[in-house]
Structures are given as structure tokens and as C-alpha cells.
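Here's the structure, in C-alpha cells; my notes come after.
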Amino acid sequence: MTVRAALAGHGMGEVVDVVELLTSEMVANVYLHTDGPASLRLTAPGDGRLRVGVWDSHPHIPAPFAVPPGDRLPSGPVDGEGGRGLYLVQQYADWWGGWPLGGGLLGRGAGKLLWFEVGGRRGAATPVVA
């Protein structure tokens, strides 16, 4: 509901459905695979683009965020109960990536930031891949 309200308030209604789906998949993964804190951030870098970033305290960067956007990965098994959420990111986002956030207090890592972009002219932005 927060994503939908923020996008509507900024006149980005054309990407609401995709952003809501992909954001819910990424946030669900945080709750399934990490025990620590997390945060969500929406930014508009310009040219009609929207970037969604999800930070969590776990250092592992999953595929497809660990590979360049052009490198597509297969979805999960047809009869599997999971493995499709991040596959949706590759199908519907224009760009995506992930950054490890290391160095934390006493040598502990600070987790990671996963992001995706939608909107604007596809291919207009230079992808940023960690």
C-alpha cells in the first residue's frame, strides 16, 4: 500500500503494478532469509525511472543480482514451491544489481543492498552492477 501511494503521489501510475509485485517479492525474501533489520527505499533518478532498493543485514547476494542484467538465469523448478520471485525481477525490471555492504562494527558485515529500476526508456540508463 505504501509503494502504491508513493507512486500515485508522484504521477508514476504506469509502473505501479510491476513495482508493487517486484517490491513485495524482494521484501518477502528478506523476511524468509534474514533475521535482522531491513529497509526499503524508493528513488527517482530521472528520465522517468524509479529505483527500488532493499537493504538487509545478510551479506549473501542472490542471483540474478550477482550477475550482469543481460545474463538471464532460469526460473525455479516447475513443481517447486519457491524460486520464482527473483526470476520475476529479471522479467519485469529494466535494470537490477546488488552491492555488498561490508566493514561493519568489529569486522561484521553490514549486509547488502539489492535494487531494481523500472520506467524511462529501456536501455537508456547505464546498468550498475556490483
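The values are calculated or read from the model by the stated rules, or taken from the named source; none is laboratory data. The shown structure was predicted, so the numbers you read here are calculated from the model rather than taken from an experiment. Backbone-built Cβ (ideal geometry, glycine too); neighbour counts: all protein chains shown. Side chains included, ligands, DNA and RNA excluded: accessible areas come from the protein's heavy atoms. Shrake-Rupley method; radii C 1.70, N 1.55, O 1.52, S 1.80 Å.
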What is the residue count in the stretch 47-62 for residues that are under 27 Å from residue 14 (Cα atoms) and either modelled with pLDDT under 85 or part of a loop (DSSP other than H, G, I, E, B) (or both)?
-> 2
Those residues of the stretch 31-57 which are closer than 17 Å to residue 93 by Cβ and among the β-branched types (Val, Ile, Thr), in sequence order | 43, 52, 54
If you check residue 21 against the conditions, is it modelled with pLDDT of 80 or more, in a helix (DSSP H, G or I) and open to solvent by 50 Å² or more (accessible area, probe 1.4 Å)?
-> yes
Considering residues of the stretch 8-18 that are closer than 16 Å to residue 120 by Cβ, in a helix (DSSP H, G or I) and aliphatic (A, V, I, L, M) only, the residue most open to solvent (accessible area, probe 1.4 Å) = 18
Can you tell me which residue in the stretch 23-56 is farthest from residue 116 (Cα to Cα), limited to those that are under 14 Å from the mean Cα position of the chain (by Cα) and β-branched (Val, Ile, Thr)?
-> 30
For the stretch 81-98, does any single residue satisfy the condition of being modelled with pLDDT of 85 or more, open to solvent by 80 Å² or more (accessible area, probe 1.4 Å) and more than 17 Å from residue 116 (Cβ to Cβ)?
-> no
